[in-house]
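Worksheet: one structure, shown below.
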Amino acid sequence: MTHLYRYIPIWRRVRSGAVLYRVFEVIGIGFTVQSKDFFYADAPVGAGEPLEAQFLELFMEQDPDHRLGISPSIEAAVLAFDQCFESAADA
């Protein structure tokens with residue numbers, strides 16, 4: 001069975017600009033974060049355009065829920081994503 005996904009962009013303001021969490025709701029199951037993009041205040045307009053192509057490419061390559069699993073809420077999915085990738089960066 002193929003899942004249905006709803007894309008939910010979630011933004012966080014940070015000192016250097018903004019962060020975009022690319023969250024998917026797996027309809028009827030829960031939430032997962034596919035990726036996290038950084039937008040810097042001093043970046044030129046249009047600098048984020050390649051990120052849109054990467055977002056779609058990653059979605060087509062792998063089911064979003066297979067990357068990190070499913071969380072019961074958006075907040076839990078964002079926390080799980082940050083914990084996973086902060087741990088990976090520390091290793």
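Rule-based calculations on the coordinates, nothing more; no lab input. Just so it is clear, the structure is predicted and the values come from calculations on it, not from any experiment. In this analysis, Cβ positions are derived from the backbone assuming ideal geometry, glycine residues included, and neighbour counts consider all displayed protein chains.
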Here the gain from full extension of L58 to Y40, 0.36 nm per residue of separation minus their alpha-carbon distance, amounts to 4.3 nm
Sorted from largest down, what three extents in whole angstroms do the Cα atoms of the stretch 5-90 have along their principal axes? 39, 27, 22
Two-site label geometry, L79 and I10: point separation in nm, points 7 Å out along Cα→Cβ: 1.1 nm
Please list the non-local residues whose amide H lies under 5 Å from the amide H of F31, H modeled 1.01 Å from N, same-chain partners needing a gap of 5 or more. V26, S71, S73
With θ set to phi - 60° and the Karplus curve 6.51 cos²θ - 1.76 cosθ + 1.60, what are the ³J(HN,Hα) couplings of the stretch 6-22 in order, to the nearest whole Hz, using x for Gly and Pro? 10, 7, 10, x, 10, 9, 10, 7, 10, 4, 8, x, 8, 10, 10, 8, 9
